[in-house]
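Beneath this line is the structure, given in structure tokens, with notes to follow.
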Amino acid sequence: MDGSHRRAQALLAAVGTALAVTGPVMVLRGRSGRKEIRSELAAQKITFPERGLPDALAAFAGQPVETGPAAHAYAEFIKGNLDHATGGRTYAEISSELHGAGGEDEKLSELRQTAFMGQSLRASLMSAYQAWHLTTLVTGLGAALTGLGVALVATADALASRSPNRS
């Protein structure tokens with residue numbers, strides 16, 4: 001094996017080893033992140049109501065919110081309730097109405113508080129849902145990098161074993 005082949009084999013082995021070490025770390029971090037999301041959601045003790053859910057959410061009836069998809073579904077449930085309570089208006093729109101009324105309308109003040117709380121809860125649940133997807137991505141990339149790393153190391157080993165001048 002000439003010098004350029006030896007350098008290529010060494011580079012493949014080094015990159016492969018780095019990826020084979022990095023990949024499992026990513027898998028572990030993705031899994032621990034998912035476990036943390038589950039734990040944090042469970043600590044909130046959010047449960048879907050047994051009855052009164054829209055048809056699209058009926059499968060979640062009575063279930064606790066402990067996963068990203070459940071957090072997303074509950075955020076949609078909140079959105080429906082919020083739209084009903086506010087007539088589809090946002091916190092910002094209700095705030096503008098309240099300021100336009102001189103800030104003295106008690107009903108608008110209460111509605112603004114409802115909108116704020118609902119939108120805040122919904123945003124928190126959507127953040128958990130997005131984090132859930134990130135853990136999936138990190139875990140998947142970690143598995144792919146592990147496989148690629150092992151393949152590169154195997155290729156480097158195959159190149160080294162085919163060399164007539166192995167030392």
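The values are calculated or read from the model by the stated rules, or taken from the named source; none is laboratory data. What you see is a predicted model, and the numbers here were worked out from it, not measured in a lab. In this analysis, Cβ positions are derived from the backbone assuming ideal geometry, glycine residues included, and neighbour counts consider all displayed protein chains. Ligands, DNA and RNA are excluded from the accessible area calculation, which covers all protein heavy atoms including side chains. Shrake-Rupley method; radii C 1.70, N 1.55, O 1.52, S 1.80 Å.
Quick notes on this structure:
- Relative contact order, whole percent, for the range 37-159 stands at 25, derived from Cα pairs under 8 Å and 6 or more residues apart.
- Label assignment, Kirkwood radius over Cα pairs in Å derived from the structure, set (1) 20.1; (2) 17.6; (3) 16.7: (1)
- Max mean-square fluctuation residue, GNM over the chain, Cα-Cα springs under 10 Å, options Y91, Y129, Y74: Y91
- Ranked by the mean number of other Cβ atoms within 10 Å of their residues, highest first, the peptides 26-32, 104-110 come out as 26-32, 104-110.
- Taking θ as phi - 60° and the Karplus parameters 6.51, -1.76 and 1.60, the scalar couplings of the range 30-40 work out to x, 5, 5, x, 5, 4, 5, 4, 4, 4, 5 Hz in sequence order, x denoting glycine and proline.
- Within a Gaussian network of the chain (alpha carbon springs, distance under 10 Å), most fluctuating of P54, P69, P24: P54
- In the range 31-167, a dipole from Cβ-located charges (positive for Lys and Arg, negative for Asp and Glu) runs towards its positive end, and of L121, H84, S95 it is L121 whose Cα lies farthest in that direction.
- For the residues T146, T155, T136, a GNM of the chain with alpha-carbon springs under 10 Å puts the largest fluctuation on T155.
- A simple rule links phi to the HN-Hα coupling: the Karplus curve 6.51 cos²θ - 1.76 cosθ + 1.60 with θ = phi - 60°, which for the range 51-67 gives 10, x, 7, x, 3, 5, 10, 4, 5, 8, 3, x, 8, x, 8, 9, 9 Hz, with x for Gly and Pro.
- Averaged per residue, the chain has 63 square angstrom of accessible surface, using a 1.4 angstrom probe with ligands and nucleic acids left out.
- Area of L125 that stays accessible when all protein chains are in place (1.4 Å probe, Å², to 10): 10 Å²
- Residue separation of S32 and D83 scaled by 0.36 nm, minus their Cα-Cα distance, works out to 14.8 nm of gained length.
- Residue-averaged [θ]222 nm for the chain, counting only DSSP H segments that reach four residues, each worth -39500 (n - 2.57): -27500 deg cm²/dmol
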